[in-house]
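Quick notes on the structure that follows.
The values are calculated or read from the model by the stated rules, or taken from the named source; none is laboratory data. What you see is a predicted model, and the numbers here were worked out from it, not measured in a lab. Please note: Cβ atoms are built from the backbone with ideal geometry, for glycine as well, and neighbour counts cover all protein chains shown.
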Amino acid sequence: MRIGIVSDTHRDKAILPMVVKSLEDVDLIIHLGDNVQDVEEIKKIYKKNVINVKGNCDFGNKCPEEIFKEIEGFKFFITHGHKYDVKYNILNLKYRAEELGADVVLFGHTHLSGIEYENGIWFVNPGSPSIPRDKYRSVGLININDGKITAEIKLL
């Protein structure tokens, strides 16, 4: 299974077709918030499954702030990340992941892409395809094959 991860699109409608094109071979797209209205635009182009959480810029939206979901036998903790102060470090996020027994944590908010594997937990931040802070427009990919996970950042 291949999972595309997107965050912090911030109503940049021009970038969404490029995002979907870069993830056209995935089985699922997960949007990590800011802005959840973009999910509706993504669904117009991408006809498979899309799930999402809301971020700090998604005022008044009724979608969840966090999702804890099993995918292909792995426990995914999906959050925007702002409630865990991820702009400073991911220590609070790590504690929460351990409490939940997560195998994979997907988060955004920082607009900085990165992958970390610590104590058996994957932490994946896809960065931002719209307003990157590390100058690279990016999305994330998770591959699950034969009970193993690999993660990568894909530059647009």
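Counting only strands (runs of 3 or more DSSP E) wholly contained in segment 39-115, the ones carrying 2 or more residues that are of a type outside the set (A, V, I, L, M) and buried (at least 17 other Cβ atoms within 10 Å of the Cβ) occupy 74-79.
Looking at segment 87-101, can you tell me whether even one residue there is in contact with a Leu (Cβ under 8 Å, 6 or more places away or on another chain) and either free of Cβ contacts under 8 Å to residues at least 40 places away in the same chain or on the phi < 0 side of the Ramachandran plot (or both)? Scanning segment 87-101 turns up no residue that is in contact with a Leu (Cβ under 8 Å, 6 or more places away or on another chain) and either free of Cβ contacts under 8 Å to residues at least 40 places away in the same chain or on the phi < 0 side of the Ramachandran plot (or both). Within segment 1-38, the only residue that satisfies the criterion of being assigned to a strand (DSSP E or B), in contact (Cβ under 8 Å) with a residue 60 or more places away in the chain and surrounded by fewer than 19 Cβ atoms within 10 Å (Cβ to Cβ) is Arg2.
Where residues in segment 122-148 are outside any loop (DSSP other than H, G, I, E, B) and either of a type in the set (D, E, K, R) or over 15 Å from the mean Cα position of the chain (by Cα) (or both), which of them is surrounded by the most Cβ atoms within 10 Å (Cβ to Cβ)? Top of the filtered list is Ile144. Being more than 16 Å from the chain's Cα centre (by Cα) and either under 21 Å from Val104 (Cβ atoms) or modelled with pLDDT of 95 or more (or both) is the filter here, so list the residues in segment 19-42 that pass it. Listed by number, the residues that qualify are Lys21, Asp25.
Of all residues in segment 146-156, exactly one satisfies the criterion of being more than 16 Å from Leu23 (Cβ to Cβ), in contact (Cβ under 8 Å) with a residue 12 or more places away in the chain and not β-branched (Val, Ile, Thr), namely Gly147. Of the listed requirements (1) at pLDDT 95 or above; (2) of a type in the set (Lys, Arg); (3) closer than 28 Å to Arg11 by Cα, Lys94 misses just one: (3).
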